[in-house]
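A short write-up of the structure that comes next.
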Amino acid sequence: MIKAIGGGAQDIMRMLRVQRHDFLNHLQVVMGYVQIGRGERALDYIKDYIAILTKEGFLVNLASPELALHLLLFAQEARDRGILCRLEVPAPLPEGNYDFDPVLDGLLLLRQWIWPVLAEIPAESRCLTIGVTGGQTGPEVSVEWAMLQQEPMNNICHLIKRQTELAAVMEFTGGMARLVLPIPNRGDS
């Protein structure tokens, strides 16, 4: 299954190396604040970092380890391409018997398609926000990015709908595109 979602052992080890490097950088920032006598600033920095780790904790504790791994690899691929990427998982998903496979398939299609689109965006506007929320009508995965044209985004949404049978929705507001992939219950899909 790991290979199927684009996460071979090399990808996972690369992601772990990057996370370790980032963690060491955070420790060095805290140490620097302490060394120059800015203990309050060090505490604020630690609190901010704890908030980030708490959000990511919800991600790694998702009911689907495959979905969590896929989202982490998606975010890492964006960062490797110089794209600012935020993962937002504000709370655990509600209890349920979810079918994550069509969502994984939809995210794979999006990952194959999104990089050339983002390459057309000015570098300072290249960002992705990947979220997993309870949603208004049920749990969902959403991916949001800056856009130049609506048509390619509509095309990928239709492709995802055809190939996964998900009720995917593409939203456009203020120069941003947002793809919403509802997470179906087993038996709904």
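The values are calculated or read from the model by the stated rules, or taken from the named source; none is laboratory data. Just so it is clear, the structure is predicted and the values come from calculations on it, not from any experiment. Cβ sites come from the backbone with ideal geometry, for glycine too, and all protein chains shown count toward neighbours.
Listed by first and then second residue, the pairs linking a residue in segment 59-87 that is aromatic (Phe, Trp, Tyr) to a residue that is assigned to a loop (DSSP other than H, G, I, E, B), with Cβ atoms under 9 Å apart and 6 or more places separating them unless they lie on different chains, are 74/6. Residue-level analysis places residue 7 outside the set of residues that are closer than 25 Å to residue 165 by Cβ, at pLDDT 80 or above and not in a helix (DSSP H, G or I). Annotation note: of 88, 77, the sole residue that is touching a Lys or Arg at 6+ places or on another chain (Cβ under 9 Å), under 15 Å from residue 141 (Cβ atoms) and of a type in the set (Asp, Glu) is 88. When the residues of segment 160-172 are filtered to those that are out of contact with any Gly (no Cβ under 9 Å at 6 or more places or on another chain) and hydrophobic (A, V, I, L, M, F, W, C), the one that is nearest to residue 103 (Cα to Cα) is 167.
Let's see how each residue does on (1) at pLDDT 90 or above; (2) basic (Lys, Arg); (3) under 18 Å from residue 110 (Cβ atoms):
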residue	(1), (2), (3)
1	no, no, no
20	no, yes, no
32	yes, no, no
35	yes, no, no
40	yes, no, no
43	yes, no, no
54	no, no, no
80	no, no, yes
90	no, no, no
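Identify the residue in segment 165-174 that is not β-branched (Val, Ile, Thr) and not in a loop (DSSP other than H, G, I, E, B) and, among all such residues, is farthest from residue 105 (Cα to Cα). For segment 165-174, the residue satisfying everything is 172. For segment 60-95, the set of residues classified as buried (at least 19 other Cβ atoms within 10 Å of the Cβ), among the aliphatic types (A, V, I, L, M), in contact with a Leu (Cβ under 9 Å, 6 or more places away or on another chain) and assigned to a helix (DSSP H, G or I) consists of 67, 68, 71, 72, 75, 78, listed by residue number. Residues of segment 120-164 that are at pLDDT below 85, of a type in the set (A, V, I, L, M) and assigned to a helix (DSSP H, G or I): 123, 153, 156. For first residues located in segment 101-113 and within 16 Å of residue 154 (Cα to Cα) and modelled with pLDDT under 90, partners that are part of a helix (DSSP H, G or I) and of a type in the set (Phe, Trp, Tyr) and lie 6+ apart or on another chain with Cβ distances below 7 Å form the pairs 111/74.
Condition check: surrounded by 11 or more Cβ atoms within 10 Å (Cβ to Cβ), charged (D, E, K, R), within 24 Å of residue 89 (Cβ to Cβ) and out of contact with any Phe, Trp or Tyr (no Cβ under 7 Å at 6 or more places or on another chain). Does residue 14 satisfy that? Yes; evaluated as a whole, the condition is true for this residue.
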